[in-house]
Amino acid sequence: MRSAEIIIDNNAEESMMKALAETDNFIEQNGLTGKNAIHLRLLAEETVSMVRAMTHDIHALFWLEKDPEKGYMIRLMAKTEMDINKKNDLLSVSTSGKNAWAKGFMGKIGDIFENGILNYCEVINLQQEYVGGSINYGNMGVGLSDDMPVEVSSVVDEQVMWSLHDYKQSLAEMKEKSDPASEAWDELEKSVVANIAKDVIVGVRKDKVDMTIISGIM
């Protein structure tokens, strides 16, 4: 079962409200109540807020669905609408030349999603500064769909995948040895989405990027 598909535009508040209204309708139709209903609504709100905060015009398809094996999921899909050079032009007007918004867990997911739209080879370059060090959050959790390590710049037709599960695993292995990784882990533990979602997967293939939030609700 899946909801109606809503095109959300980060410059149109009305489309965001439609997405949340459809979420409420989907929750009601599926008879979700209590904590399950609250969690699915929170995940939808975080997804909409992520799109709203992106640095350039985004038109993405939003919907919810129930998978017999994975349970309730939130889906977001978009196609390329601009290239990485245009994004670099936007970022160059800031004093740091970086996307300062990409802080907090959903900020990172948004940056992965947005860079995937622009050019999936750029996903691997995404980094965030912590306590004088750098965490390459784009690379951590990225691999091919068969989970093999990959130099993203060499990929032509494969689907590049980023997952919360693999990102958590990477940070867990590093946090005792690295202050930046420890701070990134603390940030992850404070994230609503990272705490209530079973997994978040971002897939990039050529001119398409999609995000799946697996809620863990069956």
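With R₀ fixed at 30 Å, the C-beta to C-beta distance from LYS70 to GLU129 puts the FRET efficiency at about 0.30. Between ARG2 and GLU173, residue separation times 0.36 nm minus the direct Cα-Cα distance comes to 57.9 nm.
Rounded to the nearest whole Hz, the Karplus-based 3J(HN,Hα) values (6.51 cos²θ - 1.76 cosθ + 1.60, θ = phi - 60°) of the stretch 30-38 follow the sequence 8, x, 7, 9, x, 4, 4, 5, 5, with x at glycine and proline. Going down the list LYS66/LYS198; LYS66/LYS190; LYS70/LYS198; LYS35/LYS198; LYS168/LYS190, which pairs span over 19 Å between their C-alpha atoms? Check vs 19 Å cut-off fails for LYS66/LYS190.
We did not get these values from a lab; they are worked out from the coordinates using the rules stated. Remember, predicted model here, so these are calculated numbers, not experimental data. Don't worry about glycine lacking a Cβ; one is built from the backbone with ideal geometry, like all the others, and counts go over all protein chains shown.
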